[in-house]
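Engineer: Below you'll find the structure I mean.
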Amino acid sequence: MSQRDTLVHLFAGGCGGTVGAILTCPLEVVKTRLQSSSVTLYISEVQLNTVNGASVNRVVSPGPLHCLKMILQKEGPRSLFRGLGPTLVGVAPSRAIYFAAYSSCKERLNHVFAADSTQVHMVSAGAAGFTAITATNPIWLIKTRLQLDARNRGERRMSALECIRKVYSTDGVKGFYRGMSASYAGISETVVHFVIYESIKRRLLEYKTATALDNEEESVKEASDFVGLMLAAATSKTCATSIAYPHEVVRTRLREEGTKYKSFFQTLSLVVREEGYASLYRGLTTHLVRQIPNTAIMMSTYEVVVYLLNG
């Protein structure tokens, strides 16, 4: 891959990630709140009285709409964009690193395995995920801390810089890498996503090429091609997310401030023991509602920018 091609993939990946992050930030905040151990903050007094009655021992998680309503009532609309700053700072380099590593690794592996085979896509996606996670984890930890900073209207909110100082003074440099083990576990989601995405993308290309040959026309990019890529991205991400979602809950718990959660497997077993298996899928609906359009926007923006820059 030439230096120009690498830069094109860096820029396209950054553009795709930025656009998707801005449009879906409110859903990201709701999802993070639902995943956290402080989710009971969003249960109304009536629900708490009912839940804490003599016949009920376990707190019932509020739904995404109720959580959204409580955030708006107690904290105001601005809280739905908590953590957007670190997201915008991190999403461009994170996605840029990811797509550049993915494309570069795929280019190299095509000479080792069968070109564009499942093995190539799986190893490339895994290597790209590992690279991006290692490089940007501190940014995502700060983002999660800010999203979990629930303060009522009128109260001064913690800034990203204050959050950085607090993490460093409490846990030192290693504090910025909390939750990274869960992120590594989440590479499985990325691998499944790209394998399915590339498979659908290849089939769409084969169908378009066959149709063009039958009609004796030149195969060119059309608007319908990008719609197909968006649908392919949404389908592949839905499958991958549903399979690997528990790592998201574990990661959020690990990134919470001053919690009892210490490591990936310790957190996983503790959450299951205290809250049940269903808690590992808390916020999944919100995550899917956010992730499907986010991924579709990100992947289609990436493909469009690559296409435009490559002529």
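Engineer: If V305 meets every condition in (1) more than 15 Å from the chain's Cα centre (by Cα); (2) surrounded by 20 or more Cβ atoms within 10 Å (Cβ to Cβ) apart from one, which number is that one?
Structural biologist: For V305, the exception is condition (2).
Engineer: Go through the residues of the range 225-233 one by one and say whether even a single one is surrounded by fewer than 17 Cβ atoms within 10 Å (Cβ to Cβ) and under 19 Å from the mean Cα position of the chain (by Cα).
Structural biologist: Scanning the range 225-233, I find at least one residue that is surrounded by fewer than 17 Cβ atoms within 10 Å (Cβ to Cβ) and under 19 Å from the mean Cα position of the chain (by Cα), so the answer is yes.
Engineer: Scan the range 221-277 residue by residue and report those that are among the basic types (K, R) and farther than 30 Å from Y207 by Cβ.
Structural biologist: R251, R253, R255, K260, K262, R273
Engineer: Could you check G154 against (1) small (G, A, S); (2) assigned to a helix (DSSP H, G or I); (3) free of Cβ contacts under 8 Å to residues at least 60 places away in the same chain and say which number it fails?
Structural biologist: Among (1) small (G, A, S); (2) assigned to a helix (DSSP H, G or I); (3) free of Cβ contacts under 8 Å to residues at least 60 places away in the same chain, G154 violates only (2).
Engineer: Mind listing whichever residues of the range 276-285 are buried (at least 20 other Cβ atoms within 10 Å of the Cβ) and not in a helix (DSSP H, G or I)?
Structural biologist: R282, G283
Engineer: Next question. What tally of residues in the range 157-177 results from selecting those that are out of contact with any Gly (no Cβ under 9 Å at 6 or more places or on another chain), without any contact (Cβ under 8 Å) to a residue 40 or more places away in the chain and not in a helix (DSSP H, G or I)?
Structural biologist: 2
Engineer: Go through (1) surrounded by 14 or more Cβ atoms within 10 Å (Cβ to Cβ); (2) out of contact with any helix residue (DSSP H, G or I) (no Cβ under 7 Å at 6 or more places or on another chain); (3) not acidic (D, E) one by one and return the number of the condition R273 breaks.
Structural biologist: All conditions pass for R273, except number (1).
Engineer: Also, I was wondering about something else. Counting only residues that are hydrophobic (A, V, I, L, M, F, W, C) and touching an Asp or Glu at 6+ places or on another chain (Cβ under 9 Å), which one in the range 126-153 is nearest to G179 (Cα to Cα)?
Structural biologist: L148
Engineer: When both residues are 6+ apart or on different chains and their Cβ atoms are under 8 Å apart, which pairs have a first residue that lies in the range 100-118 and is touching a residue at least 24 places away in the same chain (Cβ under 8 Å) and of a type outside the set (F, W, Y), and a second that is surrounded by fewer than 18 Cβ atoms within 10 Å (Cβ to Cβ) and in a loop (DSSP other than H, G, I, E, B)?
Structural biologist: From the range 100-118, the pairs are S103/M1; S104/M1; E107/M1; D116/N110.
Engineer: Quick check, is S219 assigned to a loop (DSSP other than H, G, I, E, B) and either modelled with pLDDT of 75 or more or hydroxyl-bearing (S, T, Y) (or both)?
Structural biologist: yes
Engineer: Filter the range 222-256 for residues that are outside any helix (DSSP H, G or I) and at pLDDT 85 or above; which is farthest from S279 (Cα to Cα)?
Structural biologist: E256
Engineer: What's the number of the only condition in (1) assigned to a helix (DSSP H, G or I); (2) within 18 Å of T144 (Cβ to Cβ) that K260 fails to meet?
Structural biologist: Every condition holds for K260 apart from (1).
Engineer: Taking interchain pairs and intrachain pairs at least six residues apart, which have beta carbon atoms under 8 angstrom, with the first residue in the range 271-288 and more than 23 Å from K237 (Cβ to Cβ) and the second of a type in the set (K, R) and loosely packed, with under 14 Cβ neighbours inside 10 Å?
Structural biologist: E275/R58; G276/R58
Engineer: Is it fair to say V250 is farther than 15 Å from H193 by Cβ, surrounded by 20 or more Cβ atoms within 10 Å (Cβ to Cβ) and within 17 Å of the chain's Cα centre (by Cα)?
Structural biologist: Yes; evaluated as a whole, the condition is true for this residue.
Engineer: Could you tell me which residue of the range 159-201 is modelled with the lowest pLDDT, considering only residues that are touching a His at 6+ places or on another chain (Cβ under 7 Å) and within 26 Å of L280 (Cβ to Cβ)?
Structural biologist: If we take residues in the range 159-201 being touching a His at 6+ places or on another chain (Cβ under 7 Å) and within 26 Å of L280 (Cβ to Cβ), then F194 is modelled with the lowest pLDDT.
Engineer: For the range 160-183, which positions are of a type outside the set (A, V, I, L, M), out of contact with any Phe, Trp or Tyr (no Cβ under 7 Å at 6 or more places or on another chain) and under 22 Å from T131 (Cβ atoms)?
Structural biologist: K174, F176, Y177, R178, G179, S183, listed by residue number.
Engineer: Taking G154 as the residue in question, decide whether it is of a type outside the set (V, I, T) and crowded, with 19+ Cβ neighbours inside 10 Å.
Structural biologist: So G154 does not fit the description; no.
The values are calculated or read from the model by the stated rules, or taken from the named source; none is laboratory data. This is a predicted model, so every value here is computed, not measured. Note: ideal-geometry Cβ built from the backbone for every residue, glycine included; neighbour counts use all protein chains shown.
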